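**Student:** Take a look at this one; I'll ask things after.
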Amino acid sequence: MTAQAEPRLVRRLGLFDATMLVMGGIVGAGIFLNPAEVARAVSSPFWIVAVWLIGGAIAITGAFVYAELAARRPEVGGQYAYLRDAWGPMPAFLYGWSLLLVIQSGGMAAVAITFARYFLELTNWPAADGAVAAAVLALLTLINCLSVRAGATVQSLLMVLKIGAIAALVLAGLMLAGPEAARPATAPEPPPLGMLAAIGAAMTPVMFAYGGWQTASFVAGEMRDPRRDLARGLLFGVIGVVTLYAAVAFTCAYVLGPAGLADSQVPACDVMRLALGETGATLIALGIAISALGFLSQGMLTTPRVYFAMAEDRLFFRRFAEVNAKTHVPVFAILLQGAAACLIALSGTYGQILSYVVSVDFIWFALTGAALLVFRCRDREKASFEVPGHPFTTLFFIAACLVTVIGTIWHHPANSAVGFLILLAGVPACLYWLRKR
């Protein structure tokens, strides 16, 4: 008798899946709220839209970088594999460590709470936010344990619904609401140096709203043609999101005015209320809930593949490298991600945890961009996709990430310090796994 082959991940995802994963990793609930944060920093309608386009340019440059990395390293784990091959096991492990303990789990917990609040407001169920958040995380964990196809189908459906909600917001705002008649006069433009500081402050919520395109690379090992489909999906997805975000920013500024937008706590709801009354506000609340759910679905599908890759490299418990023989997915890695997000959601500390990782997250972006410089020097053969304008575009992306890190440390030194301490706590853990290899 021949020994039965060990179950492996299967390649079942195509270009549409890749594009929806990229967009789903970026578009959460933030775009429905963050235009107000931007308007509080810059009072000019031009700059309210321009900063979203500037952030979009940085995101597109990042998509170029990740597209070439995907063409050069079409492996499961994506960004984890890029960091490992360029910088060694320690930075790669610390990246996975920060994903599990803070970045992804904390982000998913916060978005799950956002979903729960909108869901409870729409349904009037007598339940706690944390309980609803944990329940929806558990449901998505179960779906993604069934198969990568099941998880991708749910994610793609939710992303299409998100696009529909954003399109409805833009069309209703521009065609039915129009500019608000009564609004306070805008403040005069600050001097040039003050304007630069204002733009820098506005870029913080913008850059975080654009973050997340890299998570699609985690499932490269389950794409039918990752060199082609992941690279194209990154570009199509990021360009699509830039278009949606700029349209939302323009609509909110046009309908509410800069001062009204700055005063709004829920600008998307205010726009839809002006367009369609309370029915419009209810509809966009439903859209925000769906958008949050889609972000959670994408995270539950993609991020466990990093823990799977860590375990395959013997830098984590071997159990998390196991693939279910029937579903061909890393069930234990998915359960780990679901449990971590549920615990943070139930603890109520997710908001505090998220504030710790702002600077840490963009350090990984900068190091991943620099990994492309390493691969270009080390591997002389051409990739199937190459970054236009390299090395200038790549260096621009790295510099933009570092500026974001420096700005965050400058404005939030205490929270940044806690984030770095959580990161450094992974060093002894990594040394332990390295000794066991």
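**Student:** Could you tell me which residue of the stretch 12-30 is nearest to Leu158 (Cα to Cα), considering only residues that are within 12 Å of the chain's Cα centre (by Cα) and outside any loop (DSSP other than H, G, I, E, B)? First the steps, then the outcome.
**Tutor:** Within the stretch 12-30, the subset within 12 Å of the chain's Cα centre (by Cα) is 21-30.
The next check asks that each one be outside any loop (DSSP other than H, G, I, E, B); those that pass are 21-26, 30.
Values: Leu21: 10, Val22: 13, Met23: 11, Gly24: 8, Gly25: 12, Ile26: 13, Gly30: 16 Å.
By that ranking, first place goes to Gly24.
**Student:** Quick one: which of Val42, Val65 is within 28 Å of Gly233 (Cα to Cα), touching a residue at least 24 places away in the same chain (Cβ under 8 Å) and either over 16 Å from the mean Cα position of the chain (by Cα) or open to solvent by 50 Å² or more (accessible area, probe 1.4 Å) (or both)?
**Tutor:** Val65
**Student:** Within the stretch 354-365, is even one residue assigned to a loop (DSSP other than H, G, I, E, B) and modelled with pLDDT under 90?
**Tutor:** Scanning the stretch 354-365, I find at least one residue that is assigned to a loop (DSSP other than H, G, I, E, B) and modelled with pLDDT under 90, so the answer is yes.
**Student:** Name every residue in the stretch 395-415 that is open to solvent by 40 Å² or more (accessible area, probe 1.4 Å) and either at pLDDT 90 or above or among the aliphatic types (A, V, I, L, M) (or both), in order of residue number.
**Tutor:** Within the stretch 395-415, Leu395, Phe396, Ala399, Leu402, Val403, Ile406, Ile409, Ala414 qualify.
**Student:** For the subset of the stretch 212-267 comprising residues that are among the hydrophobic types (A, V, I, L, M, F, W, C) and not in a helix (DSSP H, G or I), which member is surrounded by the most Cβ atoms within 10 Å (Cβ to Cβ)?
**Tutor:** Met223
**Student:** Would you check which residues across the stretch 300-352 are in a loop (DSSP other than H, G, I, E, B), open to solvent by less than 10 Å² (accessible area, probe 1.4 Å) and over 20 Å from Tyr95 (Cβ atoms) and list them?
**Tutor:** Hit for the stretch 300-352 is Val329, nothing else.
**Student:** Take Thr123 and tell me if it is buried (at least 22 other Cβ atoms within 10 Å of the Cβ) and among the β-branched types (Val, Ile, Thr). Full working, then the answer.
**Tutor:** On the way: buried (at least 22 other Cβ atoms within 10 Å of the Cβ): no; among the β-branched types (Val, Ile, Thr): yes.
Here the answer is no, as Thr123 does not meet what is asked.
**Student:** In the stretch 384-394, which residue that is assigned to a helix (DSSP H, G or I) and touching a residue at least 24 places away in the same chain (Cβ under 8 Å) is surrounded by the fewest Cβ atoms within 10 Å (Cβ to Cβ)?
**Tutor:** Residue satisfying both the conditions and the ranking: Thr393.
**Student:** How do the pairs read when you match residues in the stretch 83-109 that are under 21 Å from Leu343 (Cβ atoms) and open to solvent by 10 Å² or more (accessible area, probe 1.4 Å) with residues anywhere that are modelled with pLDDT of 95 or more and among the basic types (Lys, Arg), using Cβ under 7 Å and keeping only pairs 6 or more apart or on different chains?
**Tutor:** Here the result reads none, with nothing in the stretch 83-109 linked to a residue that is modelled with pLDDT of 95 or more and among the basic types (Lys, Arg).
**Student:** Looking only at the stretch 238-275, which residues are at pLDDT 90 or above and hydroxyl-bearing (Ser, Thr, Tyr)?
**Tutor:** Scanning the stretch 238-275 gives Thr243, Tyr245, Thr251, Tyr254.
**Student:** Return yes when Val51 is among the β-branched types (Val, Ile, Thr), more than 15 Å from Tyr307 (Cβ to Cβ) and without any contact (Cβ under 8 Å) to a residue 60 or more places away in the chain and no when it is not.
**Tutor:** no
**Student:** Pick out, from the stretch 79-159, the helices (runs of 4 or more DSSP H) lying fully within it that include 2 or more residues that are out of contact with any helix residue (DSSP H, G or I) (no Cβ under 8 Å at 6 or more places or on another chain) and not hydroxyl-bearing (Ser, Thr, Tyr). Spell out the reasoning first.
**Tutor:** Working: elements: 79-87, 89-98, 104-123, 129-146.
Once the helices (runs of 4 or more DSSP H) in the stretch 79-159 are filtered for at least 2 residues that are out of contact with any helix residue (DSSP H, G or I) (no Cβ under 8 Å at 6 or more places or on another chain) and not hydroxyl-bearing (Ser, Thr, Tyr), what remains is 129-146.
**Student:** With the structure loaded, tell me whether Val76 is open to solvent by less than 10 Å² (accessible area, probe 1.4 Å), of a type in the set (A, V, I, L, M) and under 26 Å from Met300 (Cβ atoms) or whether it fails that test.
**Tutor:** no
The values are calculated or read from the model by the stated rules, or taken from the named source; none is laboratory data. Here the structure is a predicted model, which means the values were calculated and not measured. For neighbour counting, all protein chains shown are included, and Cβ atoms are generated from backbone atoms with ideal geometry for every residue, glycine included. These accessible areas exclude ligands, DNA and RNA; they are computed on the full protein's heavy atoms, side chains included. Shrake-Rupley method; radii C 1.70, N 1.55, O 1.52, S 1.80 Å.
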